[in-house]
Amino acid sequence: MKQGFILAVLMAGVALPVSAQDTALVIANENYRNASDISAADDALDAAVALERAGFRTRKGADLNLEAMHALLDQHYGDAEGKGHSVILLTGHLVHSASESWLVATDANAPSLASIGTVGLPLSTVFAIAAERPGAAVVLVGTEERRIALGRGLAAGIGTVDLPQGVTLFVGDAGEIAEFAGDGLLQPGLSAAGLKVRAGSLQAIGYFGDTGAALVEPAGPPSPAPSTQTDPGAETAFWDAMRAANTVAGYEAYLQRYPSGTHAVEARQAIAVLNDPAARARAGEDALSLSRDQRRQIQRDLSILDIDPKGIDGLFGPGSRGAIARWQRQNGHEATGFVTAEQIAQLAAQSERRAAELEAEAAARKAEQDRQDRLYWDQTGAAGDEPGLRAYLKRYPDGLFAELAQERLKVFDDARRQQAEANDRADWDKAAAADSAAAYKDYIARHPDGAFVEEARQKLADAAAGQADQSARDEAERIENGLGLNGVTRSIIEQRLAALGLKPGPADGVFDDDTRRAIRRYQRARGLPVTGYLTQQTVARILVDSL
């Protein structure tokens, strides 16, 4: 039987030295603790017996955890050092991500993309070991459509494979794969083309060597090999039509008509992508070829809708993917984290509508704030007396009449200065220069009836209030510094604030007291935390509001 081993066909007739050793590895995972059993997995052990009888040095195991699977694979790797044929038969639950597939250990419990490495044997490792015997290595993978709970990032079944050169892969139902490994694979007289035909409904991918020669001729007259001749023009035309349709049914129709056609591998890979939601979504977004500016706009739109993309930089990292998925869930879409053209248009429309709502709300809020501001001014500062002016500034330090109130108070200060005695004025100038609580207290003690006593007391009250607010200001300043705004961006923000009539001072990229006052006015009118410092949300709103 060993002389009839069909893998010799894949060697294209090259004779092996006497010392060459054919090796096999069989892993049959049937009984799962936390998933449905693979009913036909034990048939793989029957195939192991057939391989042993055919002269293969065979390593086998059933119902294995990851450590046991790695141990068997390591033993097989040691056996396979040198020349010879290699057969690797794996049956059990298969799962995949966008770029890798795994054979799941029987003790797995709802693995996710983050944990599959602790309970799954990666097929890429198996393929790499098989590739060390190019042209003489066959990998057979069998599974069944059975229940298995999976976490985020994984889907059941085998995904798109990146098969090394010289490796042949068969994929299919666990029972059919096991039967093929123990019988069809070992039949004499078959060419590689005949092997594909005998594989029936199994997927055959990769290397098939010389399709015209058989290793061992049968005892009787040779049976004619199945014809592999097709009309290249007709096949190409049919493939182009199916590829344009880009459906699972279309690719399956191509494979049914041309099971060993020029585009068979590409068709199977396309089917795998179409059956994998994550890969399909990624491929769909990639096809849009979004520019960095377009990605920034998507991030801005999400931010306007109060969905934080963790930055507006045109780079879709985990933060942006998570924000997109959150928006998709809110709007009844599959939460893939990858956008479609229709979703981009829907998101933009929602953002524009929300921006208009926010602007209308801000306008109404500002109108009410201005009304109250004017009313309080009429009741206090409009009379022009010092107590009224100070009362107004205490409630509305950034109000509509703040600059006017400060100018009128300066008149009182100047008048007091002119009227004050020389020593009173000198002591006050000294205290004002020191600008400390101790200096103001010393002034009050020296001049309890001095011309500047009220102002000194106000300074002390302001200092006490300032200490209470200092930690909040420090945190707001830290957040603004974390945005990394350059001079050009700061100038643009000042221009936008000026366009909104908020008087930020010159657009020079320097945030002075006028700028801080304008920012506070903007935040107060839009119901944002009033700090005078920028956050990512404030920047996004300023840029949208001013358009």
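The values are calculated or read from the model by the stated rules, or taken from the named source; none is laboratory data. If you're wondering where the values come from, they're calculated on a predicted model, not measured in any experiment. FYI the Cβ positions are ideal-geometry reconstructions off the backbone, even for glycines, and counts take in every protein chain you see.
A few remarks follow.
- Wholly within segment 460-547, helices (runs of 4 or more DSSP H) carrying at least 1 residues that are at pLDDT 90 or above: 487-499, 513-525
- Some residue of segment 249-259 being assigned to a loop (DSSP other than H, G, I, E, B), touching a residue at least 40 places away in the same chain (Cβ under 8 Å) and either out of contact with any helix residue (DSSP H, G or I) (no Cβ under 9 Å at 6 or more places or on another chain) or outside the structural domain of Arg526 (by TED's automatic domain parsing) (or both): yes
- Any hit, segment 430-445, residues being within 57 Å of the chain's Cα centre (by Cα), loosely packed, with under 13 Cβ neighbours inside 10 Å, of a type outside the set (Ser, Thr, Tyr) and not in a helix (DSSP H, G or I): yes
- Some residue of segment 482-501 being at positive phi and touching a Gly at 6+ places or on another chain (Cβ under 6 Å): no
- Answer from Leu51, Leu45, Leu72 - the residue that is among the aliphatic types (A, V, I, L, M), assigned to a helix (DSSP H, G or I), in the same structural domain as Ala137 (by TED's automatic domain parsing) and without any contact (Cβ under 8 Å) to a residue 24 or more places away in the chain: Leu45
Each row is one residue, and each column tells you yes or no for (1) under 30 Å from Thr336 (Cβ atoms); (2) surrounded by fewer than 16 Cβ atoms within 10 Å (Cβ to Cβ); (3) in contact with a strand residue (DSSP E or B) (Cβ under 9 Å, 6 or more places away or on another chain); (4) modelled with pLDDT of 90 or more.
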| position | (1), (2), (3), (4) |
| --- | --- |
| Met11 | no, no, no, no |
| Val18 | no, yes, no, no |
| Ile27 | no, no, yes, yes |
| Asn31 | no, yes, yes, yes |
| Gly61 | no, no, yes, yes |
| Leu72 | no, no, yes, yes |
| Leu89 | no, no, yes, yes |
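- Residue list for segment 365-393, filter: over 23 Å from Gly501 (Cα atoms) and not hydroxyl-bearing (Ser, Thr, Tyr): Gln379, Ala383, Gly384, Asp385, Glu386, Pro387, Gly388, Leu389, Arg390, Ala391
- In a residue-by-residue description of segment 103-126, the property of being of a type in the set (S, T, N, Q) and in contact with a His (Cβ under 7 Å, 6 or more places away or on another chain) applies to no position.
- Looking across Leu400, Leu375, Leu404, one residue alone is part of a helix (DSSP H, G or I) and surrounded by 12 or more Cβ atoms within 10 Å (Cβ to Cβ). It is Leu404.
- So Leu302, is it assigned to a loop (DSSP other than H, G, I, E, B) and farther than 21 Å from Ala155 by Cβ: no
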